[in-house]
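To start, the structure itself, in structure tokens.
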Amino acid sequence: MRCVISSAQVVAGNGTTVAQRLAVRQDRIAPMVEGLFDWMRDSCRRMSTKNPVAQAMNYFLRRIDTFTRFLADGRICLTNNAAERALRGVALGRKAWLFAGSDRGGERAAAIYSLIVTARLNDVDPQVWLADVLARINDIPNPRLHELLPWQWKGGSATLAA
């Protein structure tokens, strides 16, 4: 069996609703996936169990529910592009961080990087947030430090009550 996907069969992307993606997947993709499973089952019957290709196919066939979950849930993204983009900064900075000066310097750089990424994940501009936090942190009482965390931060206009 040879599987060819035309441009009309491309799964609906980010510009569609969950229901639309699910409908396309069930209508167009599910039959192709079932055909692939049938072909794999048939091919595995004709191969030795020691054949590495047969072992890989059997691994896949034993986990059909895991590999086909996207057919029942339109919220599941078909790619890991978002995760790859999120890690891109780490990969690009790796050479620069190699010379952090010491293990302690590397730990500090990792802590700062984690704060910046957390701010981004909470739709907060890291530079504005960090500048505001550094300006206010000495004047805020310990029980209220949580207010400076990215997911609770209200911006530099927040005033401190005594």
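The values are calculated or read from the model by the stated rules, or taken from the named source; none is laboratory data. Since the structure is predicted, the reported quantities are computational estimates derived from the model, not experimental observations. So basically every Cβ, Gly included, is an ideal-geometry build from the backbone, and we count neighbours across all protein chains shown.
Quick one: would you say residue 2 is basic (Lys, Arg) and either surrounded by 10 or more Cβ atoms within 10 Å (Cβ to Cβ) or modelled with pLDDT of 85 or more (or both)?
Working: basic (Lys, Arg): yes; either surrounded by 10 or more Cβ atoms within 10 Å (Cβ to Cβ) or modelled with pLDDT of 85 or more (or both): no.
So residue 2 does not fit the description; no.
Please work out if residue 85 is closer than 30 Å to residue 33 by Cβ and either among the polar types (S, T, N, Q) or modelled with pLDDT of 90 or more (or both).
no
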